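Scroll down for the structure; my scribbles are underneath it.
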Amino acid sequence: MKAIQIHEFGGPEVLKYEDAPKPTPAEDEVLIKVFASGVNPIDWKIRAGHATGKFPVQFPLIPGWDVSGEIEEVGGSIKNFRKGDEVYSRPDPSKNGSYAEYVVVKANLVNLKPKSISHEKAAAVPLAGLTAWQALFDYGRLMKDQKVLIHAASGGVGTFAVQFAKWKGAYVIGTTSGKNIDFVEDLGADVVIDYKKEKFEDILKDIDLVIDLIGGDTQKRSLKVLKSGGRLITTVQPENEEAAKEKNIHIESFLAKSIPEKLEQIKQLIDSGKVKPVIAVIMPLKDAAKAQQLSEEGHTRGKIVLQVA
């Protein structure tokens with residue numbers, strides 16, 4: 001099969017489009033014929049060697065931990081899937097991923113894909129969707145009528161977070177650049193702040209929850225807008241724990257888990273028309289290096305997707 005592999009850590013140039021062995025599913029796995037693979041920051045962080053503490057790497061490695069495709073083969077113990085089922089998943093990031101024509105995934109990490117969208121759009125959902133869902137509801141404990149501030153609201157995770165929070169009945173505030181203000185409003189945000197022109201801490205107060213996808217100074221300034229008892233949930237390093245403690249603010253970072261029940265809930269929201277994946281660009285598999293460069297620049301609207309089949 002054709003795949004993108006890396007044989008050493010480095011820049012985008014280490015991504016090689018080449019032949020690789022077609023994997024065989026174990027008893028508890030399924031073999032998926034890949035139609036599309038999402039591109040995420042974790043892909044290039046692993047490629048560059050920035051995530052070895054969390055995800056041990058064995059070379060050669062096939063990146064890509066967002067997949068939509070069709071089941072080609074099932075392991076001997078699998079009863080709930082069969083050949084031909086259209087599925088999507090966030091595979092295990094410690095194993096070979098979906099920048100390939102085929103990928104094996106534990107069956108308990110796989111869901112039937114949303115019927116109402118293409119494989120390209122479905123591949124944009126799992127990792128970003130699960131991250132947004134868990135940040136808001138599992139760690140953030142967001143409830144109806146609460147105020148939530150979502151940083152990087154036009155990005156891959158942010159676009160889902162805005163839509164999920166609005167569906168929940170929250171008052172949604174997003175930060176983004178000026179060119180994306182109308183776009184984030186269309187996703188459902190009640191207020192959108194151009195971070196290049198305004199300081200959000202000069203405008204906001206008594207926020208119940210902040211979703212921080214940026215870190216650094218943005219995270220530090222976010223403490224100023226949270227109410228006592230508020231929560232700051234981040235996908236990066238929590239850097240201001242002492243200051244948060246002094247203000248009675250709960251601060252926590254997390255790595256999204258692949259939970260099929262959550263993917264099922266997201267699938268239902270998509271198929272009912274309440275949530276839509278946002279795709280910045282679709283590229284062929286062989287252009288994975290360009291796709292990762294674009295992801296690393298950090299200014300895309302929604303997700304980048306690689307078309308495989």
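The values are calculated or read from the model by the stated rules, or taken from the named source; none is laboratory data. Model, not experiment: these values are computed from the prediction. FYI the Cβ positions are ideal-geometry reconstructions off the backbone, even for glycines, and counts take in every protein chain you see.
Summary of values
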item: Out of 173, 150, 117, sole residue that is β-branched (Val, Ile, Thr) and surrounded by fewer than 24 Cβ atoms within 10 Å (Cβ to Cβ); result: 117
item: Qualifying helices (runs of 4 or more DSSP H) (wholly inside the range 210-309; at least 1 residues being in contact (Cβ under 8 Å) with a residue 24 or more places away in the chain); result: 216-222, 260-271, 288-297
item: Which numbered condition residue 30 misses (of (1) of a type outside the set (Lys, Arg); (2) out of contact with any Phe, Trp or Tyr (no Cβ under 7 Å at 6 or more places or on another chain); (3) crowded, with 21+ Cβ neighbours inside 10 Å); result: (2)
item: All positions within the range 71-96 that are of a type in the set (D, E, K, R) and over 21 Å from the mean Cα position of the chain (by Cα); result: 72, 73, 79, 82, 83, 85
item: Residues of the range 97-110 that turn out to be surrounded by fewer than 23 Cβ atoms within 10 Å (Cβ to Cβ) and either within 16 Å of the chain's Cα centre (by Cα) or without any contact (Cβ under 8 Å) to a residue 40 or more places away in the chain (or both), as a count; result: 1
item: Extreme residue, farthest from residue 119 (Cα to Cα), among residues of the range 264-309 that are among the acidic types (Asp, Glu) and surrounded by 15 or more Cβ atoms within 10 Å (Cβ to Cβ); result: 296
item: Residue match in the range 50-61 (condition: more than 21 Å from the chain's Cα centre (by Cα) and surrounded by 14 or more Cβ atoms within 10 Å (Cβ to Cβ)); result: yes
item: Close pairs from the range 48-67: first touching a residue at least 60 places away in the same chain (Cβ under 8 Å), partner of a type in the set (Val, Ile, Thr) and not in a loop (DSSP other than H, G, I, E, B), Cβ under 8 Å, at least 6 apart; result: 63/4; 63/6; 63/46; 64/4; 64/39; 64/103; 65/42; 66/39
item: Residue within the range 52-62 that is at pLDDT 95 or above and either in contact with a helix residue (DSSP H, G or I) (Cβ under 6 Å, 6 or more places away or on another chain) or closer than 25 Å to residue 108 by Cβ (or both) present; result: yes
item: Considering residues of the range 70-96 that are within 19 Å of residue 285 (Cα to Cα) and of a type in the set (S, T, N, Q) only, the residue surrounded by the fewest Cβ atoms within 10 Å (Cβ to Cβ); result: 96
item: Enumeration of residues in the range 169-187 that are within 16 Å of residue 143 (Cα to Cα) and either in contact with a helix residue (DSSP H, G or I) (Cβ under 7 Å, 6 or more places away or on another chain) or in contact (Cβ under 8 Å) with a residue 60 or more places away in the chain (or both); result: 172
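For every residue, the table says whether it meets (1) β-branched (Val, Ile, Thr); (2) in contact with a strand residue (DSSP E or B) (Cβ under 6 Å, 6 or more places away or on another chain); (3) more than 15 Å from residue 187 (Cα to Cα).
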residue	(1), (2), (3)
263	no, yes, yes
276	no, no, no
282	yes, yes, yes
285	no, yes, yes
289	no, no, yes
297	no, no, yes
300	yes, yes, yes
